[in-house]
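One structure is given below, encoded as structure tokens.
The values are calculated or read from the model by the stated rules, or taken from the named source; none is laboratory data. Note that this is a predicted model, so its numbers are computed, not measured. When we count neighbours, we look across all protein chains shown, and the Cβ atoms used for this are built from the backbone with ideal geometry, even at glycine.
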Amino acid sequence: MIKAENLSMVYGNDFKAVDGMSFEIGSGEIVGFAGPNGAGKTTVIKMLTGILKPTEGYATINDFDIVKEPIKAKESFAYVSDNPDILLQLTGIEYINYIANLYKVPLGARENRINELADRLGIRDSLGLPMKEYSHGMRQKTMIIAALIHNPPAWILDEPMTGLDPTAAYELKQMMIEHAKKGNAVLFSTHVLEVAEKLCDRIMIINHGKNIYQGTVEEIMAKNPGKDLEAIFIEMTGGKTTEQHTTE
């Protein structure tokens, strides 16, 4: 459902922010995307979603090329960016309806969908307020509702839990699980390795624009006995660990 083949992004004459990323996320999979700050995660996601055009390689969503068939590809995924500060002059419900109109979501189905998502994320009573009065977490909840309003098969989420309260974060994780169980695909970036460990079928680790690991948590743990995922991640990305990061 979500496929990248040799995705690369070069800035200026020679700086490769992303260098030959290839991966595929199939039906029913939740894949976590991890890496240090500046590793290239957001750049990869922006190429997947058509915000940036790859210098090399290509990406497809539901078999639609994001560069050659951008409308069909964008109809096939939900995208939550790492910045919820968008169109803050609108109320929450105005923003959600604006996005729903772009995707031509029928009014009846739209109302039910909004109510369901708003109740689960705990923001229904605040949707009539201007988003400029929202906290970061409230803006994030509104972006999530708007992104999911057309109920597409693929979800691409860039740090979606940042700023969410524990209840909303739990509900979003449950929604990811429910979505995947219906045969859909979820890709989300995260700095919280415990979430990736518990939620994901597979994880990808990126560093300096290169994919340095793809596989299950169980596989990477088996290759690094006596260490927890945090210690493994730090060592793989060039950091230092201490004894407190081991499982012994």
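In this structure, is Tyr79 under 24 Å from Glu159 (Cβ atoms) and of a type in the set (Phe, Trp, Tyr)? In short, yes. Hey, does segment 183-204 have a residue that's over 17 Å from the mean Cα position of the chain (by Cα) and surrounded by fewer than 16 Cβ atoms within 10 Å (Cβ to Cβ)? Scanning segment 183-204 turns up at least one residue that is over 17 Å from the mean Cα position of the chain (by Cα) and surrounded by fewer than 16 Cβ atoms within 10 Å (Cβ to Cβ). Annotation: Leu7 fulfils all but one of (1) touching a helix residue (DSSP H, G or I) at 6+ places or on another chain (Cβ under 9 Å); (2) in a loop (DSSP other than H, G, I, E, B); (3) on the phi < 0 side of the Ramachandran plot; the unmet one is (2).
Put simply, of Ile177, Ile212 the only residue that is surrounded by fewer than 16 Cβ atoms within 10 Å (Cβ to Cβ), in the same structural domain as Phe64 (by TED's automatic domain parsing), within 20 Å of the chain's Cα centre (by Cα) and under 30 Å from Val105 (Cβ atoms) is Ile177. Only residues that are part of a helix (DSSP H, G or I) and not aliphatic (A, V, I, L, M) were counted across segment 42-85, and they come to 7. Of the residues making up segment 182-209, those that are touching a Leu at 6+ places or on another chain (Cβ under 7 Å) and either modelled with pLDDT under 90 or part of a helix (DSSP H, G or I) (or both) are Leu193, Glu197. Take the conditions part of a loop (DSSP other than H, G, I, E, B) and either closer than 22 Å to Ala180 by Cα or not acidic (Asp, Glu) (or both) and apply them to Leu164. Does it pass? The answer is yes for Leu164. Between Ile86, Ile145, Ile93, the distinction of being on the phi < 0 side of the Ramachandran plot, surrounded by fewer than 22 Cβ atoms within 10 Å (Cβ to Cβ) and within 19 Å of the chain's Cα centre (by Cα) belongs to Ile86 only.
You will find that of Ile156, Ile212, the residue that is free of Cβ contacts under 8 Å to residues at least 40 places away in the same chain and part of a strand (DSSP E or B) is Ile212 and no other.
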